[in-house]
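The values are calculated or read from the model by the stated rules, or taken from the named source; none is laboratory data. Given the structure is predicted, the values throughout are model-derived calculations rather than measurements. Here Cβ is always computed from backbone atoms with ideal geometry, including for glycine, and neighbour counts include all displayed protein chains.
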Amino acid sequence: PFTRIGKTEVLCFSYILGFSRRQYIDFTTNRTFFTLIRRHQDAFHYYEGVPKQCLYDGEKTVLLRWEAGRPVYNPAFIAFITHYHCKPIVVRRPETKGKIEAPFQYVEKNLLNARTFQDLDDLKATAQWWLRDKSDKHVHETTHRPPLELFMEQERSALQPLPLHDYDSSEVALRVCSIDGFLDFETNRYSVPYEYGADILTLKATEQEVFIYSPEIEVVAHHERLPQGAGKTSEKPEHRTSKKIRYGLEPVRDAFLALGNHADPFLSGLKATYPRNAGFHARFILHLKETYYADDINMAFHHAQRYQAFDAKAIERILLAKAKPRTLESIRNEQARKELEKTLPRIEQRPLDEYCTLLYREEKEDGKDSEHPGADSDPGQNLPQHLEAS
């Protein structure tokens, strides 16, 4: 446990070079895919180069499964690691796995043993000191040389140069903005201007910052990234120009009417049925955009009007019965598919008559035209029965 903040689960990332045994380590509070590739980038910059291949022990962020004795890698990880022209290799031999696991034992016995740390930042700072003054300079029991010395003499020149630009390790996600002007991400809340309430916005998170983009892909908010799972709120004063806009129907009227042509008459019925709580029902319906397409919600309005069911729960029941739920991720995939279609050449199917004509001409060239009287006439006429165009 840390002396200042108490008990916290911490994970150690280790990257060690196979020849010199020079090691890089860092500590994190999670083992997500994005954390993994960011620590790789830190290691590459620490060594000022990239190895040609890297060994892994089969973690899920790297390897999806084995199939017919061959590894099936995580495509997202392959996109990252090949950016640095590095080949991943998943090891299965116990002898090779020892080279991967032994450095963790060294860290535990030499760095962590009998030391206390105030918090994660203190642990990370101590680890950097330990790498520089201890790990790099100690005599390794296998090579009988200090890792830094052997690295500088023989291994550094064998590393590949770093690319001109690092791989973009940002996390990108779609989020429905709440009516009170917040986006939820990793249990934390980030403010945006009120006018984007109920809109589907794009969130891009680096390791230190969070950027939020409008539907027109313009930056509408910029925050410092909060710790994962902290349950905190980051609210910018410039996003809160008026307190009145937070409540009632008026702040969400435009977003509600944008759902489709049936939204306006449904809203009129909603106000007549719930003159004091129409805003609550409108907000509830707008939150359904996170699960259903706007077109489906619009058709639910039309169905509800036929039965005078002016109620948010009625819309939810209609959608459950008649619409297919979708995730925000499916929106991004659909947009990518449409963009790809624009770049591909359009392929038109030939009329079947052309294939019949082609087959008839081939038979004629093979000397079989004697079986077909009228060969000099229109090839579409007098075709054998099995070649007649349909």
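Here are a few things to note about the model shown:
- Residue under evaluation T241, criteria (1) in a loop (DSSP other than H, G, I, E, B); (2) under 25 Å from the mean Cα position of the chain (by Cα); (3) at negative phi; (4) surrounded by fewer than 16 Cβ atoms within 10 Å (Cβ to Cβ), criterion not met: (2)
- Only a single criterion out of (1) over 19 Å from P161 (Cβ atoms); (2) loosely packed, with under 15 Cβ neighbours inside 10 Å; (3) among the hydroxyl-bearing types (S, T, Y) is not satisfied by T82, namely (1).
- Selection count, the stretch 288-317, where residues are assigned to a helix (DSSP H, G or I), farther than 12 Å from L259 by Cα and within 34 Å of the chain's Cα centre (by Cα): 7
- Of the strands (runs of 3 or more DSSP E) lying entirely inside the stretch 1-105, none contains at least 3 residues that are β-branched (V, I, T).
- Out of I318, I285, sole residue that is more than 23 Å from C177 (Cα to Cα) and surrounded by 13 or more Cβ atoms within 10 Å (Cβ to Cβ): I318
- From the list A43, A79, A68, the one residue that fits, being under 19 Å from L159 (Cβ atoms), hydrophobic (A, V, I, L, M, F, W, C) and either in the same structural domain as K134 (by TED's automatic domain parsing) or in contact (Cβ under 8 Å) with a residue 12 or more places away in the chain (or both), is A43.
- Unique match (being farther than 28 Å from F284 by Cβ and either more than 15 Å from the chain's Cα centre (by Cα) or of a type in the set (V, I, T) (or both)) among E216, E224, E207: E224
- Pair list, Cβ under 8 Å, 6 or more apart: the stretch 18-34 residue free of Cβ contacts under 8 Å to residues at least 24 places away in the same chain, other residue part of a strand (DSSP E or B): T28/L11; T28/F13
- Unique residue being outside the structural domain of H281 (by TED's automatic domain parsing), in contact with a strand residue (DSSP E or B) (Cβ under 8 Å, 6 or more places away or on another chain) and in a loop (DSSP other than H, G, I, E, B) when the list is L201, L226, L164: L226
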